[in-house]
Amino acid sequence: MAAGIVAGCTGGAPEPEAEQTDVPKELANQRQAQPAVAEGEQLGTPLAERVATIGLLNKRNNLSQDIQLKPGETRRAGDVVIHLSSCERTAPWENPPETGAFVQVSVRERANAESDFQWRRVFSGWLFKNSPSLNVVEHPIYDVWVKDCAMSFPGEEEALKPNAGASGVARPAPRAAPSASPSPTPEAAPAAPAEPSTET
């Protein structure tokens, strides 16, 4: 009997199916919502050159992946299609720091067991990295969040270079100011007790 069980298990695991990455025609031809941006208000990297990193988690199998998109791009990962309309981050001198992206998420699913698969828009709006509870993708299987928006602001490049002044010439690093309280010194280990001398 045991030989029959072992013989039935030698078939091996089935090959995994290839993940669909082609954006469906019905979603590719839809007019996507665009966030309103006032003329001349854009500061930093032009919108077309920014790159957003969007995290996608499948809660059923606990697989996550990073999807990098430029504004206007649409990407499919299995049964999820993500469209990025815009991404922004606050300037380095603004507080609190924030990164956000305007995304639209569509999922291929059935309304019930007897119906065919259809694409349904489950989210359209801004997602924020540092304040994720402001706007959440509510879906039982998928979670989508913003990880980054790669862009820069005027003057930011120079600030990132170590020891470079406005002229680009290297300068010595500033010395730290002496602290008001002395820094703690490690306590010396107690000396070992002297062994009694046996000499007389």
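Before moving on, here are some points about what is shown:
- For region 115-121, 3J(HN,Hα) computed residue by residue from phi via the Karplus equation (6.51, -1.76, 1.60; θ = phi - 60°) reads 8, 7, 5, 9, 8, 10, 6 Hz, glycine and proline entered as x.
- Residue by residue, region 60-73 carries 3J(HN,Hα) couplings of 6, 10, 6, 9, 10, 8, 9, 10, 9, 9, 9, x, x, 8 Hz when phi is fed to the Karplus relation 6.51 cos²θ - 1.76 cosθ + 1.60 (θ = phi - 60°); x denotes Gly or Pro.
- 3J(HN,Hα) along region 136-143, derived from phi through the Karplus expression 6.51 cos²θ - 1.76 cosθ + 1.60 where θ = phi - 60°, amounts to 10, 7, 9, 9, x, 10, 10, 10 Hz, with x in place of Gly and Pro.
- Separation of region 117-149 and region 53-93, taken as the distance between their Cα centroids, equals 9 angstrom.
Every number here is computed from the coordinates shown, using simple stated rules; none is lab data. Here the structure is a predicted model, which means the values were calculated and not measured.
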